[in-house]
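A short worksheet on the structure shown next.
The values are calculated or read from the model by the stated rules, or taken from the named source; none is laboratory data. All figures in this text were calculated on a predicted structure; none of them were measured in a lab. Cβ placement follows ideal geometry from the backbone for every residue including glycine, while neighbour counts extend to all protein chains displayed. The area values use the complete protein model at the heavy-atom level, side chains included, leaving out ligands, DNA and RNA. Shrake-Rupley method; radii C 1.70, N 1.55, O 1.52, S 1.80 Å.
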Amino acid sequence: MESRKAEWFKPFPRRIPNRVFATVYSAAILALFYRHATATTHRGFFISAWMVAADITLAFMWLNSQAFRINPVASRLHSHPLPEDLIPPALDIFICTADASKEPPLRVAATALSALAYDYPPEKLSVYVSDDGASELTLFALMEAARFGKVWLPFCKENRIKLRCPQAFFGSGSVTFDSQTLKIKELYEDMKRRVEDILEKGYVGDEYRTKAFSRWGKDFTSIDHPSVVEVLLQSGEDIDVASCSMPNLIYVSRQKRRTSNHHFKAGALNALLRVSATLTNAPIILTLDCDMISNDPSTPQNILCYFLDKSVNPNLGYVQFPARFHGINKRDTYGSEMKRMYQINPEGMNGLAGPDYFGTGTFFNRRAFYGGPSSMIGPIDPDHLVKNHINDQAILELAHDVTTCDYEKDTNWGSEVGFRYGSLVEDYYTGYMLHCEGWKSVFCNPTRPAFLAEMPIALNDVLAQTKRWNVGLLEVALSKHSPLTFGRRYIGSFMAHCYSYYAFGPFWSVPIMFYAFIPQITMLNNISIFPKASDPWFFLNIFLFLGAYGQDLIEFTSVRKWWNDQRMWLVRGLSSDLFGTLEYISNLLDIGRRSFNVTNKVDDEEMRKRYDEGMFEFGVSSPMFVPLSTAAIINLVAFLGGVLQFLKDRGLEEILGQMVVTSMGVANSLPIYKAMVLRSDGGRMPAKITIISLVLASLLFIVISSIVNI
């Protein structure tokens, strides 16, 4: 196959200006630290120490961020026809779910249907669903999806439908409801009704129970149960209404014991890796979250060029698609698009060794899970052909065997083979270790999103998710595999700094906490901590402030979305970054216990309405809201105090720097003030949080005021 590397990969023109700006900005940072070292203005020991610590952290994180800007490269899929004599390789698709109460079985079933409906030879396509919650409700929903799929798949292919998730298709608003479409919708509504009835009951009734549910006995629980492997569709045996073969659909719930370490999602993925190797052993694997639907049925065909054209990348380990979301409101209130994480930064890594692994929307070379490109490890030959039917009794017994708790005992699964253990962010850690072993990756961002995902619409759920990420990131950052030490030796300085940007991300809480409280409280105490507006050093601070924000803004296409994204950066710094760091420390001291909290994906109609209107959703008495509310109160009081000082002829030039910081704090806190005082709906700030924050703000003012002159 002719190489099309030059056509697929296009460097961004901004890389040269980025390098020039980085040089100038670096000089400004050095000048700032020279100022810290030589300043004669007495600010007090604690203020000086806090300022230096905050600015060192900001400089370190800025340095890490520049690695993404050295050589950003875009890559696009082009729908070139494949050679007619090419036999597409088999594809195994892994879908993970862990809690039926937070990840609705209907949504899991819809994701599976969108994957089953790919434009790919059905005999080459297998979908594996890992249910780590071991819910018979999820199994029932998948059985119903398998039945409905026999009419849904031919309907999609006959009508060349792009969006092949039935839930998304019928709710898109652009559907023409002819007689055929109405009939299919009626069948889908019947399927939904049956599943919803079972969900409401909380169990599968006798009228629906088959042999597949025989393992759900009296002693069967979500944390203590035997392995369950059920073939729901078998290619070559199951036929759709158009007399075409169906792809394989396999339900897997690995064995759980209360006394065993299950390694969360990484353990579930490794179980799927072994089960799929036993049943189908496809050389290409796609991993998906249970809420991430296919949005382009031609994606598997299109990515083959990356894997089959060895001149593009001979050590290609995986192709990563961006996480794109549907249902985001116009303002993107919580910065849920995560454009920097899922689009801008991966383009920067694309010009190096390739993007990190996002945990979903990723096509893997199966071989990458068994050692480096030139050193294979592992008990299973990824190139062997599975010749037996997947429903063969001996094959199924082996599939059950490889999902038992004891199977990985005294093996290198999770350390050198498969998805990696040791971090709650198994995706980041796995991608990082694959790069260290010598594998490369490609970021592919087609014009039409290949996948669409759901995102949390409540602030507490958003912060709980990022708090878990922060715990896992620190587990890598402060381990023997830290990107700054281990990574630098194996992937080079630029890639090491890219991975360090994420690994040390929780440290953002240090400068954000400082700038959220200290300038404000010192201003209320008539203490200036920044140079006067007439001092030339003041313009250095302004350049550093505007330069960092300006460079960030340029890379966003929408000012409103940029504003919400930077606001959420501040919000996370005062909440999930801080609490994630504290949780990591408690785990390290054996005070707490590592846990994997599943993000809630259940919608509430009233909550959805408020979210669509762009309102912040507080509603619950979360401890993570306390620092946010406390900072909002202190910034508002300091802003009003600063105005009074100016009116009393103190002179604006002495407090201008502090007023700029305080004004930014007030502007970013507007949703919090509304939630505290003006709202009466279910998403308002709980009165308990407001009272605690008022008390804490008063105590902070007293304590910090007493030590600022020390």
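Remark on Leu286: its backbone amide H falls under 5 Å from those of Asp92, Ile93, Phe94, Phe364, a criterion applied only to residues 5 or more positions apart or on other chains, H modelled at 1.01 Å from N. Spatial offset of segment 50-77 relative to segment 421-450 amounts to 19 Å, using the alpha carbon center of each. Rounded to the nearest 20 debye, the dipole magnitude of segment 396-503 is 700 debye, with +1 charges on Lys and Arg beta carbons, -1 on Asp and Glu beta carbons, and the Cα centre as origin.
From the alpha carbon centroid of segment 226-282 to that of segment 156-221 is 20 Å. Among the listed pairs Lys310/Lys409; Lys265/Lys609; Lys124/Lys162, which are separated by more than 27 Å between their Cα atoms? Beyond 27 Å: Lys310/Lys409; Lys265/Lys609. Normalising the Debye intensity of the chain to I(0), with uniform scatterers on Cα atoms only, and taking log10 at q = 0.07, 0.11 Å⁻¹ returns -0.52, -1.21. Charges were assigned to the Cβ only: +1 to each Lys and Arg, -1 to each Asp and Glu. The resulting dipole of segment 201-247 about its Cα centre is roughly 200 debye. Of interest is the spacing of the C-alpha centroids, which for segment 524-568 and segment 639-699 amounts to 18 Å.
Mean residue ellipticity at 222 nm, helices only, the chain: -15500 deg cm²/dmol; runs of at least 4 DSSP H residues each add -39,500 (n - 2.57), and the sum is divided by the number of residues. Counting only protein heavy atoms and using a 1.4 Å probe, the accessible area of Lys192 comes to about 50 Å². For helix 509-524, report the angle its Cα long axis makes with the longest principal axis of the Cα atoms of the chain; keep it between 0 and 90° and round to the nearest 10°. Roughly 30 degrees between the two axes.
Each listed q (0.22 Å⁻¹) maps to a log10 I(q)/I(0) for segment 61-167 from the Debye sum over equal C-alpha point scatterers, namely -1.15.
Say R0 is 56 Å: what FRET efficiency, to the nearest 0.05, do Asp406 and Ala39 get from their beta-carbon distance? Here the calculated transfer efficiency is 0.35.
Loop only by DSSP, 10 or fewer other Cβ within 10 Å of the Cβ. Give me the trypsin sites (Lys or Arg not before Pro) in segment 396-487 that pass, ordered by residue number.
Those satisfying the criteria are Lys409, Lys480.
Shown in residue order for segment 619-627 are the 3J(HN,Hα) couplings computed by the Karplus curve 6.51 cos²θ - 1.76 cosθ + 1.60 at θ = phi - 60°: x, 10, 7, 8, x, 5, 7, 5, x Hz (x for Gly and Pro). Once amide H atoms are placed 1.01 Å from N in the peptide plane, what residues at a sequence separation of 5 or more from Asn295, or on another chain, have their amide H within under 5 Å of its amide H? Answer set, sorted by chain and number: Phe451, Leu452. Maximal additional length on extending the Lys185-Lys310 stretch stands at 40.6 nm, based on 0.36 nm per residue less the C-alpha distance. Most tightly packed first, judged by the mean number of other beta-carbon atoms within 10 Å of their residues, the peptides 180-191, 347-358 read 347-358, 180-191.
Sorted largest first by accessible area at a 1.4 angstrom probe radius, with every protein chain in place, the residues Asp535, Asp291 fall in the order Asp535, Asp291.
How would you classify segment 173-330 from its alpha-carbon gyration tensor, with a ≥ b ≥ c the square roots of the eigenvalues: rounded for a/c under 1.5, else prolate if a/b is greater than b/c, otherwise oblate? Because a/c hits 1.5 or more and a/b fails to exceed b/c, segment 173-330 counts as oblate.
For Leu589, the solvent-accessible surface with a 1.4 Å probe is about 110 Å², rounded to the nearest 10.
In the chain, taking the dipole from charged Cβ atoms about the Cα centre, the farthest positive-side position among Leu63, Phe321, Gly348 is held by Leu63. Of all aspartates and glutamates in the structure, the ones whose alpha carbon falls short of 12 Å from that of Lys532, not counting any fewer than 8 places away in one chain, are Glu653, Glu654. In the chain, the longest principal axis of the Cα atoms and the axis of helix 488-503 are about 70 degrees apart. Could you please report the charge total around Ile29, scoring K, R as +1 and D, E as -1 over all other residues with beta-carbon less than 13 angstrom from its beta-carbon? Summing Lys and Arg as +1 and Asp and Glu as -1 gives 0. Report the GluC sites (Glu not before Pro) located in segment 191-253 that are in a DSSP loop and have at most 12 other Cβ atoms inside 10 Å of their Cβ, or state none. Loop-located and lightly packed - Glu207. Only Cα pairs under 8 Å and 6+ residues apart enter the sum, and on that basis the relative contact order of the chain stands at 17 percent.
Packing, as the average of other Cβ atoms within 10 Å across residues, places the peptides 519-529, 573-583 in the order 573-583, 519-529, highest first. Over all other residues within a Cβ to Cβ distance under 12 Å of Arg560, the charged ones net out to +1, with Lys and Arg as +1 and Asp and Glu as -1. Here segment 98-152 exposes an accessible surface that is 51 percent carbon and sulfur, computed with a 1.4 Å probe and the other protein chains kept in place. Take every Cα pair under 8 Å whose residues are at least 6 apart in sequence, average their separation, divide by the length of segment 188-319, and the relative contact order is 14 percent.
Using only side-chain charges placed at the Cβ, +1 for Lys and Arg and -1 for Asp and Glu, the dipole size of the chain relative to its Cα centre rounds to 1900 debye. Dipole of the chain computed with +1 at Lys/Arg Cβ and -1 at Asp/Glu Cβ about the Cα centre; of Leu700, Phe556, Ala112, farthest Cα towards the positive end is Leu700. Couplings 3J(HN,Hα) for segment 142-155, derived from phi with the Karplus relation 6.51 cos²θ - 1.76 cosθ + 1.60 (θ = phi - 60°), are 5, 5, 5, 5, 5, 5, 5, x, 5, 9, 6, 4, x, 4 Hz, where x marks Gly and Pro.
Residue order by solvent-accessible surface for Glu454, Glu158 is Glu158, Glu454, largest first, with ligands and nucleic acids left out and a 1.4 Å probe. Going by alpha carbons, how many degrees (0 to 90, nearest 10) lie between the helix axis of 15-38 and the longest principal axis of the chain? Long axis of 15-38 versus the principal axis of the chain: about 40 degrees. Only one residue of Pro686, Ser172, Val510 has its Cα farthest out toward the positive end of the dipole of the chain, where Lys and Arg carry +1 and Asp and Glu -1 on Cβ, and that residue is Val510. Measuring only protein heavy atoms, the 1.4 Å probe finds Val151 accessible over about 30 Å².
Solvent exposure of the chain, expressed per residue, is 42 Å² of accessible area, with all protein chains present and a 1.4 angstrom probe. Per-residue 3J(HN,Hα) values for segment 551-560, derived from phi via the Karplus relation 6.51 cos²θ - 1.76 cosθ + 1.60 with θ = phi - 60°, read 4, 5, 5, 4, 7, 9, 8, 10, 5, 4 Hz in sequence order (x marks Gly and Pro). The accessible-area ordering, largest first, of the residues Ile390, Ile554 stands as Ile554, Ile390, per a 1.4 angstrom probe.
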